[in-house]
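The values are calculated or read from the model by the stated rules, or taken from the named source; none is laboratory data. Remember, predicted model here, so these are calculated numbers, not experimental data. Glycine gets a Cβ as well: all are built from the backbone with ideal geometry, and neighbour counts include every protein chain shown.
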Amino acid sequence: MVITISKFYITTPIYYANDKLHLGHANSNVIADVLARWHRLIGDDVFFVTGSDEHGEKIEKAAVAAGMQNIDFVDYEVKKFKELWQRLNISNDRFIRTTEHAHEEAVKAFVELLNKNQDIYKAKYSGWYCVYEETFWTELELKNGKCPECGRDVKILEEDAYFFRLSKYQDKLLDFYNKNSFILPKYRQTEMLNRISGGLKDISITRPSVKWAIQFPFDSNQYIYVWVDALVNYLSALGWPNSDVDFNKFWPPDVHVIGKDINWFHSVVWPALLMSCGLQLPSNILATGFWTVNNEKMSKSKGNVIDPISLIDKYSADALRYFLIKEKSIGEDGSFSNDAFIARINGELVADLGNLVYRVLTLAEKAEEGAKFEGRNELGKKLELEKLEKAMADFDINLGLNIIWQFIREANKYINDNKAWALQGAELSNALYNLLESCRLISILIYPFMPETGEKIAAQLGTKIEFKYCSFSPDGKFSGKIKKGDYLFKKIKI
């Protein structure tokens, strides 16, 4: 076991305040939370940031439609995200809002740095604009005349604006890409590399017409484009530029967890902006796939948007966390169906994990009074801990969970192969030592994925969740204090 203590700075997307809660929100934050909890478990100093994106035309229009002032509207809307993160046991250290005064000042300071380095100039912009995505598109990028991301109508805009010299950083970006494995999955890096190689054009970073935004420091008639505003949250969350304690400790980010639809902004625009300001680039971009529902894209018009809170109410936060990680690899798209969700609960959470813990604790309770749980390490050899550590270091949490689950199944197999229920004396003691120690290790390793479940198992065993004890006891004895509780998960009747 190798434990290297270091810092770990992880971020999620910051979500539009008026978004309807859906599985995509839960997915990104659960992925980030699993990684944050894992790194805390192995002893790293973790800073985990999520938040809300509260400026822009889309927010302004939604506030008008709701008959509310902009700030009152976002104050109200942000509550739903905070509730979801609480219900999902998301362990973020910071929830950043782009309407915070300190953030707005950080954005202005960032733009001033861009200007100081002569990377901003004024010109006229003309292009196709999608209000929903807050994004300009070229004619070639449109799909059937509509936004290539959301399929909504676009409108032609022509206006004075200030531009960032993105084209200036084309060669530097290509050099960086060729020297670093930056984006995961790797094919997402290839996509961005191809786009950069095809040529970069300067991008607009202000707009005169959207006034629910941060004012541009060099022109009172211009407002900073929402995407520049949003990206700076990764700096302002650490107190940059006014407080350098957290910034010096945690920058650069070890990983930005994002949706694949915002890969361009994070993997091309953001690095170029940071290069201009002389700031270190993030170490990794983790681009997650989308969730569909029964193989159909989620949309309000179809009425198939799944509210994650309703799933938590019905099945539990840990069941939802498990499904989101187990059902698909991070970079791929996945399809949610109620049948698939229930099958995971009944077939893996109930039959594999829940059944294992209940059977082992039942056997331990039935052992004669004063029985010792001691023996030789047989099952511990089945745990591929180094492989698990590597998977988590590579951000492959789907593989990590599969490795843990293989060990759970090995423990169930051990019960059946050894007919543990029929053993007595030293043979029973040896079997229970192996099974109780296995459950103890499982409680530790499962904790980042399903924190409530890990804690419940540890409470029933009378043990602690500490990674330094993630190996069979060297003295050949189980030293916990058994207190069997209820089943961890209940079977869902179909």
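Among ILE312, ILE325, ILE330, ILE285, which is at pLDDT below 95, crowded, with 19+ Cβ neighbours inside 10 Å and not basic (Lys, Arg)? Spell out how you get there, then give the answer.
Numbers: ILE312 fails: at pLDDT below 95; ILE325 fails: at pLDDT below 95; ILE285 fails: at pLDDT below 95.
So the residue among ILE312, ILE325, ILE330, ILE285 that is at pLDDT below 95, crowded, with 19+ Cβ neighbours inside 10 Å and not basic (Lys, Arg) is ILE330.
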Is it the case that some residue within region 12-29 is at pLDDT below 95 and acidic (Asp, Glu)?
-> yes
Residues of region 363-381 that turn out to be part of a loop (DSSP other than H, G, I, E, B), of a type outside the set (D, E, K, R) and either within 41 Å of the chain's Cα centre (by Cα) or at pLDDT 90 or above (or both), as a count | 4
Yes/no for ASP244 being free of Cβ contacts under 8 Å to residues at least 12 places away in the same chain, over 24 Å from PHE163 (Cβ atoms) and among the charged types (D, E, K, R) = yes
Please list, ordered by first then second residue, the pairs with beta carbon atoms under 9 Å, 6 or more apart or interchain, first in region 464-488 and under 22 Å from TYR322 (Cβ atoms), second assigned to a loop (DSSP other than H, G, I, E, B) and of a type in the set (Gly, Ala, Ser).
-> PHE467/GLY43
The residue that is surrounded by the fewest Cβ atoms within 10 Å (Cβ to Cβ), considering only those in region 222-259 that are among the small types (Gly, Ala, Ser) and under 21 Å from the mean Cα position of the chain (by Cα), is GLY259
Conditions (1) modelled with pLDDT of 85 or more; (2) exposed (fewer than 12 other Cβ atoms within 10 Å of the Cβ); number of the one not met by SER197 = (2)
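Of everything in region 215-240, what is of a type in the set (Val, Ile, Thr) and either in a helix (DSSP H, G or I) or out of contact with any Phe, Trp or Tyr (no Cβ under 6 Å at 6 or more places or on another chain) (or both)? Give them in sequence order.
From region 215-240, those of a type in the set (Val, Ile, Thr) are 224, 226, 228, 232; that's our starting set.
Those that are of a type in the set (Val, Ile, Thr) and either in a helix (DSSP H, G or I) or out of contact with any Phe, Trp or Tyr (no Cβ under 6 Å at 6 or more places or on another chain) (or both): VAL226, VAL228.
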For THR190, all conditions in the list (1) surrounded by fewer than 16 Cβ atoms within 10 Å (Cβ to Cβ); (2) touching a Leu at 6+ places or on another chain (Cβ under 8 Å) hold save one; what is the number of the exception?
-> (2)
Evaluate region 463-485: report whether one residue or more is among the small types (Gly, Ala, Ser), in a helix (DSSP H, G or I), in contact with a Ser or Thr (Cβ under 8 Å, 6 or more places away or on another chain) and at negative phi.
-> no
Any chance you could count how many residues in region 153-167 are at pLDDT 95 or above and surrounded by 17 or more Cβ atoms within 10 Å (Cβ to Cβ)?
-> 5
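Identify the residue in region 333-342 that is over 26 Å from MET392 (Cβ atoms) and loosely packed, with under 15 Cβ neighbours inside 10 Å and, among all such residues, is farthest from the chain's Cα centre (by Cα).
ASP339
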Residues (at pLDDT 85 or above and touching a Pro at 6+ places or on another chain (Cβ under 7 Å)) located in region 119-144 = LEU142
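Which members of region 1-28 meet the condition of being part of a strand (DSSP E or B) and among the polar types (S, T, N, Q)?
Going residue by residue through region 1-28, those that are part of a strand (DSSP E or B) are 7-16.
Correct list: THR11, THR12.
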Name the one entry in GLU389, GLU384 that is farther than 30 Å from ILE492 by Cα and without any contact (Cβ under 8 Å) to a residue 24 or more places away in the chain.
-> GLU384
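If I go through region 333-361 residue by residue, how many of them are hydroxyl-bearing (Ser, Thr, Tyr) and at pLDDT 95 or above? Explain how you work it out, then say what you get.
Filtering region 333-361 for residues hydroxyl-bearing (Ser, Thr, Tyr) gives 335, 337, 358.
If we keep only those that are at pLDDT 95 or above too, we end up with 358.
Total meeting the criteria: 1.
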Across region 363-390, what is the number of residues that are aliphatic (A, V, I, L, M) and under 15 Å from LEU41 (Cα atoms)?
-> 2
How many residues are surrounded by 15 or more Cβ atoms within 10 Å (Cβ to Cβ) and either not charged (D, E, K, R) or not in a helix (DSSP H, G or I) (or both) when one looks only at region 407-449?
-> 29
Result of the Cβ filter at 6 Å on region 449-461, keeping first residues that are at pLDDT 95 or above and partners that are of a type in the set (Ser, Thr, Tyr) and in a helix (DSSP H, G or I), at least 6 apart or interchain, is MET450/TYR322; GLY454/SER443; ILE457/SER443; ALA458/SER443
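Between GLY480, GLY485, which is over 18 Å from ILE397 (Cβ atoms), loosely packed, with under 13 Cβ neighbours inside 10 Å and in contact with a helix residue (DSSP H, G or I) (Cβ under 7 Å, 6 or more places away or on another chain)? So that I can check it myself, show each step before the final result.
Working: GLY480 fails: loosely packed, with under 13 Cβ neighbours inside 10 Å.
Selected residue: GLY485, the only one of GLY480, GLY485 that is over 18 Å from ILE397 (Cβ atoms), loosely packed, with under 13 Cβ neighbours inside 10 Å and in contact with a helix residue (DSSP H, G or I) (Cβ under 7 Å, 6 or more places away or on another chain).
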Failed item, numbered, when VAL232 is tested on (1) in contact (Cβ under 8 Å) with a residue 60 or more places away in the chain; (2) over 25 Å from GLN118 (Cα atoms) = (2)
Where a residue in region 430-442 is charged (D, E, K, R) and its partner, wherever it lies, is surrounded by 24 or more Cβ atoms within 10 Å (Cβ to Cβ), with Cβ under 6 Å and at least six apart = GLU437/PHE478; ARG440/LEU461
